[in-house]
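Undergrad: This is the structure, below, for whatever I ask next.
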Amino acid sequence: MAEDDLLWQHLRDLPAFRALLRAVEARFYRDLLPLEEPVLDVGCGDGHFASLALPIPLAAGIDPAADMLAEARSRGAYRLLARSYGDALPFASGRFATVISNSVLEHIPAVEPVVAEIGRVLRPGGRFIFCVPGDRFAELLFFSTMLRRLGAEGAARAYERYFNRISRHHHCDGVEIWGERLHQAGLEMLDSFAYFSRRAHHALDLGHYLGLPSLVARKLFGRWILVPARWNLALTERALRSRFEEPRPAAGAYLFFVARKN
């Protein structure tokens, strides 16, 4: 198997459910290469995603978590890292040709000022590329689907609220709402599409619970995967390969956006 296989690269470092989602998203970024530079990553976290999804170090990454920035620095995925919140970016207006933000904006309670700041630091014609859980995120979860099939609507809704709470989601909105947010920030939506089918999302939901051993490994040893070898991960890879390679669904749990500053 090719060394640049995105699913395998993520599986050897991350719990299976997260590896599947991030590998799918990385494929979409690869399809947009080359990104016009300089590039800013808003909510860069530990830098793992950018180090695999994008071939060269980005100009800058920001995140409010100091421990995440320390890990990102060790990966060499950014030329500059700054500790900052998204609603007060420490950069001049028009500084960047591209801004990316991968599964970050849903975690920010007041997201409109962040989108406005992204619009400010983009140069005219610059692109903002991001992805978020969409308005069908909750209903496509495995357990909410099963509960509804059993006629337990109240339990299904309770599970959806629980899952969004543990995922720290403040926004799971549709294309129209995000389009309005972009418009208010002086950005024009160029493209949007759904991804992560019901079948893939079921794997993510179940994977949160099946991945508990990975959480223990992370707490005890600082690594999600203790034995990142193909023989150890072969069954997991085989189970997830078709979900990774599936075409874009008509309805998906997540949304991917490309916008441009007017």
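The values are calculated or read from the model by the stated rules, or taken from the named source; none is laboratory data. The structure presented is a predicted model; accordingly, all values stated were derived computationally and were not measured. As a convention, Cβ positions derive from the backbone with ideal geometry for all residues, glycine included, and neighbour counts pool all protein chains shown. The accessibility values were calculated without ligands, DNA or RNA, using every heavy atom of the protein model including side chains. Shrake-Rupley method; radii C 1.70, N 1.55, O 1.52, S 1.80 Å.
Undergrad: Provide a single number: the residues in segment 82-104 that are in a strand (DSSP E or B) and open to solvent by 30 Å² or more (accessible area, probe 1.4 Å). Before you say what the answer is, go through the steps one by one.
TA: As a first pass, look at segment 82-104 and keep what is in a strand (DSSP E or B): 82-83, 96-102.
After this cut, where a residue has to be open to solvent by 30 Å² or more (accessible area, probe 1.4 Å) as well, the list is 83.
Of the residues in that region, 1 qualify.
Undergrad: Criterion first (hydrophobic (A, V, I, L, M, F, W, C), in a helix (DSSP H, G or I) and without any contact (Cβ under 8 Å) to a residue 12 or more places away in the chain) does residue 231 satisfy it?
TA: On the way: hydrophobic (A, V, I, L, M, F, W, C): yes; in a helix (DSSP H, G or I): yes; without any contact (Cβ under 8 Å) to a residue 12 or more places away in the chain: yes.
Yes; evaluated as a whole, the condition is true for this residue.
Undergrad: Criterion first (more than 19 Å from the chain's Cα centre (by Cα), of a type in the set (Gly, Ala, Ser) and modelled with pLDDT of 95 or more) does residue 203 satisfy it? Before you say what the answer is, go through the steps one by one.
TA: Values: more than 19 Å from the chain's Cα centre (by Cα): no; of a type in the set (Gly, Ala, Ser): yes; modelled with pLDDT of 95 or more: yes.
So residue 203 fails the test.
Undergrad: Same structure again: Take residue 109 and decide whether it is open to solvent by 10 Å² or more (accessible area, probe 1.4 Å), in a loop (DSSP other than H, G, I, E, B), over 25 Å from residue 187 (Cα atoms) and not aromatic (Phe, Trp, Tyr). Outline the logic, then answer.
TA: Details: open to solvent by 10 Å² or more (accessible area, probe 1.4 Å): yes; in a loop (DSSP other than H, G, I, E, B): yes; over 25 Å from residue 187 (Cα atoms): no; not aromatic (Phe, Trp, Tyr): yes.
Criteria not met by residue 109.
Undergrad: Okay, moving on. Among the residues of segment 40-74, which ones are out of contact with any helix residue (DSSP H, G or I) (no Cβ under 9 Å at 6 or more places or on another chain) and either part of a helix (DSSP H, G or I) or within 22 Å of residue 191 (Cβ to Cβ) (or both)?
TA: So in segment 40-74, the residues out of contact with any helix residue (DSSP H, G or I) (no Cβ under 9 Å at 6 or more places or on another chain) come out as 56, 59-60, 64-70, 73-74.
Residues satisfying the conditions are 66, 67, 68, 69, 70, 73, 74.
Undergrad: Now, a different point. Can you confirm whether segment 148-156 contains a residue that is touching a residue at least 24 places away in the same chain (Cβ under 8 Å) and either open to solvent by 40 Å² or more (accessible area, probe 1.4 Å) or among the polar types (S, T, N, Q) (or both)? Steps first, answer last, please.
TA: Narrowing segment 148-156 to residues touching a residue at least 24 places away in the same chain (Cβ under 8 Å): none.
Checking segment 148-156: not a single residue is touching a residue at least 24 places away in the same chain (Cβ under 8 Å) and either open to solvent by 40 Å² or more (accessible area, probe 1.4 Å) or among the polar types (S, T, N, Q) (or both).
Undergrad: Does residue 171 fit the bill of being over 27 Å from residue 227 (Cα atoms), crowded, with 17+ Cβ neighbours inside 10 Å, modelled with pLDDT under 95 and out of contact with any Lys or Arg (no Cβ under 7 Å at 6 or more places or on another chain)?
TA: Values: over 27 Å from residue 227 (Cα atoms): yes; crowded, with 17+ Cβ neighbours inside 10 Å: yes; modelled with pLDDT under 95: yes; out of contact with any Lys or Arg (no Cβ under 7 Å at 6 or more places or on another chain): yes.
When the stated conditions are applied, residue 171 passes them.
Undergrad: In segment 14-52, how many are over 26 Å from residue 85 (Cα atoms), open to solvent by 20 Å² or more (accessible area, probe 1.4 Å) and touching a Leu at 6+ places or on another chain (Cβ under 8 Å)?
TA: Residues in segment 14-52 being over 26 Å from residue 85 (Cα atoms), open to solvent by 20 Å² or more (accessible area, probe 1.4 Å) and touching a Leu at 6+ places or on another chain (Cβ under 8 Å): 5 in total.
Undergrad: Please go through segment 176-209 and pick out each residue that is open to solvent by less than 50 Å² (accessible area, probe 1.4 Å), closer than 13 Å to residue 133 by Cα and part of a helix (DSSP H, G or I). So that I can check it myself, show each step before the final result.
TA: Pass one, segment 176-209, residues open to solvent by less than 50 Å² (accessible area, probe 1.4 Å): 178-179, 181-182, 185-187, 192-197, 200-205, 207.
Remaining after also requiring closer than 13 Å to residue 133 by Cα: 178, 192-197, 201, 204.
Once the filter is applied, which keeps residues that are open to solvent by less than 50 Å² (accessible area, probe 1.4 Å), closer than 13 Å to residue 133 by Cα and part of a helix (DSSP H, G or I), segment 176-209 yields 178, 201, 204.
Undergrad: Are there any pairs with C-beta distances below 9 angstrom linking a residue in segment 68-89 that is farther than 19 Å from residue 55 by Cβ and in contact (Cβ under 8 Å) with a residue 40 or more places away in the chain to a residue that is surrounded by fewer than 20 Cβ atoms within 10 Å (Cβ to Cβ) and not acidic (Asp, Glu), with the two at least 6 apart or on different chains, and if so which?
TA: 86/64; 86/113; 89/82; 89/95; 89/120
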